[in-house]
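The values are calculated or read from the model by the stated rules, or taken from the named source; none is laboratory data. What you see is a predicted model, and the numbers here were worked out from it, not measured in a lab. All Cβ positions, glycine included, derive from the backbone under ideal geometry; neighbour counts span all protein chains shown. Surface areas here come from the heavy atoms of the whole protein model, side chains and all, with no ligands, DNA or RNA. Shrake-Rupley method; radii C 1.70, N 1.55, O 1.52, S 1.80 Å.
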Amino acid sequence: MPDSNDPFQDLFNDPSHAAQYADRPAQFMPGYHDVHRMIGVLIRERASDEAHVLVHGAGGGLEIEAFATKNPEWTFTGVEPAKPMLDEAAKRLAPLTERVVLHHGYIDDAPEGPFDAATSLLTLHFLDRKSRQDTVTNIVRRLKPGAPFIAVHCSFPQSPEQRDTWLLRHRACAIAGGADPDLAEQGRAAIEQSLPVLDPYKDLAILTGAGLVNVTEFYAAFTWRGWVGYAP
């Protein structure tokens, strides 16, 4: 979720928005549920059956629910700054309370670990470049050597012509996915005006600059990218 200076902060701290959040990611992000499945595969490549996973931006609880359902021995630590989103996560994850601990705050408020894996889904695009670099660095230092870190967020070419093209495609894809056209346009406008999206090569530089090795892109869909890298 956003940092303390981000205009999206008010949105995610709105309880009514938090209550309606669960259905929206799949409308706006192609293959949303498939990405959860792919991330499970990437974590299982390196982690044991009893992996402890750090989830950055755990609000809503959707990814923890998806990972936990397929991996009954995994445990999770989630961190999230928006209290209404964290409350929704707690409701969703109530049947999993013995396997999930949720923290209200930012990455500095998360336990030191070390963790067997970490994820940051639909979150880093809210942070400016410096905050993004600091956040990823703080996640990586909480990982065991060789542990995977998986990030998925908005990342697409930022030249003016390309940016406009991809934002229009983002809106059209959301409408095709069932989003209300007005809501889809609001999403497009919000990204254009307020989201500090970076070019994919700049996002890659942040991941490698945080110390991750063997970083590869495993997912690309319109305005979205996903990478996996490994703690040194």
Amide H neighbours of F115 under 5 Å, at least 5 residues apart or on other chains, H built in the peptide plane: list them. L143, K144
Determine the dipole magnitude for the chain: charges of +1 sit on the beta-carbon of Lys and Arg, -1 on that of Asp and Glu, nothing else is charged, the reference point is the Cα centre, and the result goes in debye to the nearest 20. 480 debye
Of the heavy-atom accessible surface of the chain (probe 1.4 angstrom), what whole percent is carbon and sulfur? 51 percent
Can you compute the helix-only [θ] at 222 nm over the chain? Use -39500 (n - 2.57) per DSSP H run of at least 4 residues, normalise by all residues, nearest 500 deg cm²/dmol. -13000 deg cm²/dmol
Accessible surface, the range 21-130, averaged per residue in Å² (probe 1.4 Å): 44 Å²
Determine the shape class of the range 144-209: with a ≥ b ≥ c the square roots of the Cα gyration tensor eigenvalues, call it rounded for a/c under 1.5, and otherwise prolate if a/b is greater than b/c, oblate otherwise. prolate
Amide H neighbours of F218 under 5 Å, at least 5 residues apart or on other chains, H built in the peptide plane: list them. G226, W227, V228
Packing-ranked peptide list from 33-43, 103-113, highest mean Cβ count within 10 angstrom first, is 33-43, 103-113
What is the magnitude of the charge dipole of the range 134-221 about its Cα centre, with +1 placed on the Cβ of each Lys and Arg, -1 on the Cβ of each Asp and Glu, and no other charges, expressed in debye to the nearest 20? 460 debye
Sequence of E63, E88, E45 from largest to smallest accessible area, 1.4 Å probe: E45, E88, E63
Under Karplus coefficients 6.51, -1.76 and 1.60, residue-wise ³J(HN,Hα) of the range 24-39 in Hz, glycine/proline x: 7, x, 5, 6, 9, 10, x, x, 3, 6, 5, 4, 4, 5, 5, 5
Of the listed values [x] 15.2; [y] 11.1; [z] 12.4, grab the one calculated as mean projected area of the Cα convex hull in nm² from the structure here. [y]
Using θ = phi - 60° and Karplus 6.51 cos²θ - 1.76 cosθ + 1.60, couplings along the range 176-183 (whole Hz; Gly, Pro as x): 5, x, x, 6, 4, x, 5, 5
